[in-house]
1. Just a yes or no: is a residue in region 90-104 over 30 Å from Lys53 (Cα atoms) and surrounded by 14 or more Cβ atoms within 10 Å (Cβ to Cβ)?
2. Return only the number of the condition from (1) surrounded by fewer than 14 Cβ atoms within 10 Å (Cβ to Cβ); (2) in contact with an Asp or Glu (Cβ under 8 Å, 6 or more places away or on another chain) that Met1 does not satisfy.
3. Looking only at residues that are within 15 Å of the chain's Cα centre (by Cα) and either farther than 15 Å from Glu65 by Cα or modelled with pLDDT under 90 (or both) in region 145-164, which one is surrounded by the fewest Cβ atoms within 10 Å (Cβ to Cβ)?
4. Could you give every pair whose Cβ atoms fall below 8 Å, whose first residue belongs to region 63-89 and is more than 25 Å from Val128 (Cβ to Cβ) and in contact (Cβ under 8 Å) with a residue 24 or more places away in the chain, and whose second residue is among the small types (Gly, Ala, Ser) and open to solvent by 10 Å² or more (accessible area, probe 1.4 Å), counting only separations of at least 6 or pairs across chains?
5. Looking at region 131-144, which of its residues are under 21 Å from Ile84 (Cβ atoms), open to solvent by 60 Å² or more (accessible area, probe 1.4 Å) and not in a helix (DSSP H, G or I)?
6. From the list Val128, Val87, pick out the single residue that is open to solvent by less than 90 Å² (accessible area, probe 1.4 Å), under 28 Å from Val146 (Cα atoms) and among the β-branched types (Val, Ile, Thr).
7. Does any residue in region 109-132 that is under 17 Å from Arg72 (Cβ atoms) come within less than 7 Å, Cβ to Cβ, of a residue that is at pLDDT 90 or above and open to solvent by 90 Å² or more (accessible area, probe 1.4 Å) six or more places away or on a different chain, and which pairs are these?
Amino acid sequence: MRIFVAIEIPEKIKKDLIIAQKEFEPFGTIKFVRDFHLTLKFIGEISPLRIEKIKDRLRTINFSEFELYLSRFGVFPDYKRINIIWVGVEPKRKIKKLQEAIESKLIDIFPAEKEFKGHITLGRVVSVKNRDKLLDRLHDLKIDGVFKIKNFYLIQSDLTSRGLIYTILEKYGL
């Protein structure tokens, strides 16, 4: 089983993200994401026998509801080699606090992330037609969106002939 811990994105924000994706279409071949989420901890391939231990630990996390808003657009790994287009979230300290709580509950089972950068992936870049214009659009484009964080989820990811299929295994939170 391939699993991760994430926040689901509300429908209104998803619609705005789809509109934003269209802004990048002229600049290359991009495989756009449609099932948006904000990954807090990628766990990866694990045995189904280990799921219950993970669920038990995640159930012990307490946090208060908070708001996030969409911030600037960016790319991974860097501007010279663009593989992923994303939009960031703010305030960073609030999402980082929840992410650190998840890390601390699982640290003896899974290694900690090297550096957490809260973001929502918009697409995976296959090729770029005009890097300078793409980067200009990334810097100029603004998107509004505020959403409340009340829950996070343990999610299973399955690669099928139709693409990735996500299944929520368990919901945590308020």
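The values are calculated or read from the model by the stated rules, or taken from the named source; none is laboratory data. Here the structure is a predicted model, which is why all the values come from computation and not from measurement. When we count neighbours, we look across all protein chains shown, and the Cβ atoms used for this are built from the backbone with ideal geometry, even at glycine. To get the accessible areas, we keep the full protein, side chains included, count just its heavy atoms, and leave off ligands, DNA and RNA. Shrake-Rupley method; radii C 1.70, N 1.55, O 1.52, S 1.80 Å.
1. Checking region 90-104: at least one residue is over 30 Å from Lys53 (Cα atoms) and surrounded by 14 or more Cβ atoms within 10 Å (Cβ to Cβ).
2. Of the numbered conditions (1) surrounded by fewer than 14 Cβ atoms within 10 Å (Cβ to Cβ); (2) in contact with an Asp or Glu (Cβ under 8 Å, 6 or more places away or on another chain), the odd one out for Met1 is (1).
3. Leu164
4. Filtered contacts from region 63-89: Phe63/Ala101; Phe63/Gly173; Leu68/Gly118; Tyr69/Gly145.
5. Selection gives Lys142 alone.
6. The match here is Val87.
7. Going by the 7 Å Cβ cut-off, the qualifying pairs are Gly118/Lys92; Gly123/Lys31.
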